[in-house]
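Right, one structure below, let's go through it.
Each reported figure results from applying straightforward, stated rules to the coordinates on display, with no laboratory input. Predicted model, so just to flag it, every value in this text is computed and none were measured. FYI the Cβ positions are ideal-geometry reconstructions off the backbone, even for glycines, and counts take in every protein chain you see.
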Amino acid sequence: MTDHRGAGGAVPRRRGQGVLETQVLAALRAAPGPVAAGWVQERLGGDLAYTTVVTILTRLHVKGAVTRERSGRSFQWTAVADEAGLAALRMRRVLDSEADREAVLTSFVSTLSPGDERLLRALLDTTEDAEEGD
């Protein structure tokens with residue numbers, strides 16, 4: 001049996017996919033421009049395998065949170081969404097996967113705090129005003 005204990009005998013904690021995506025996205029947003037996966041791996045402390053970083057970058061690309069441009073045999077990556085944008089993309093993906101969108105939205109809105117409900121109403125009003133001005 002393999003012992004997966006780190007320094008001091010502690011079992012290293014695994015980061016969840018959402019946490020990794022957020023960390024990778026934050027690293028990309030701090031980048032001076034398009035960067036390679038190896039650059040991202042170094043910024044995250046190097047304890048992640050290169051292939052794991054590429055997998056997370058690819059998932060973010062599929063979600064529309066990053067863009068990539070071919071550079072030789074690999075890619076240069078650029079963030080196009082921030083953490084709030086990534087959360088919004090996740091929420092949209094969940095909504096898109098449900099058959100009854102109206103029921104899901106109704107349930108979601110009914111559980112909002114009064115402050116969040118006011119904010120949502122204000123955002124919707126702002127969106128409507130902008131659309132009417134077009």
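Some notes on this structure:
- Within segment 32-134, the GluC sites (Glu not before Pro) that combine a DSSP coil assignment with at most 13 other C-beta atoms in a 10 angstrom radius are Glu98.
- Scalar couplings 3J(HN,Hα) for segment 37-44, obtained by applying the Karplus form with A = 6.51, B = -1.76, C = 1.60 to θ = phi - 60°, are 4, x, 5, 4, 4, 4, 5, 8 Hz; x denotes Gly and Pro.
- Computed about the Cα centre, the dipole magnitude for segment 48-88 is approximately 240 debye when only Lys and Arg (+1) and Asp and Glu (-1) carry charge, each at its Cβ.
- Interchain or long-range residues, amide H under 5 Å from Ala36's placed H: Trp77
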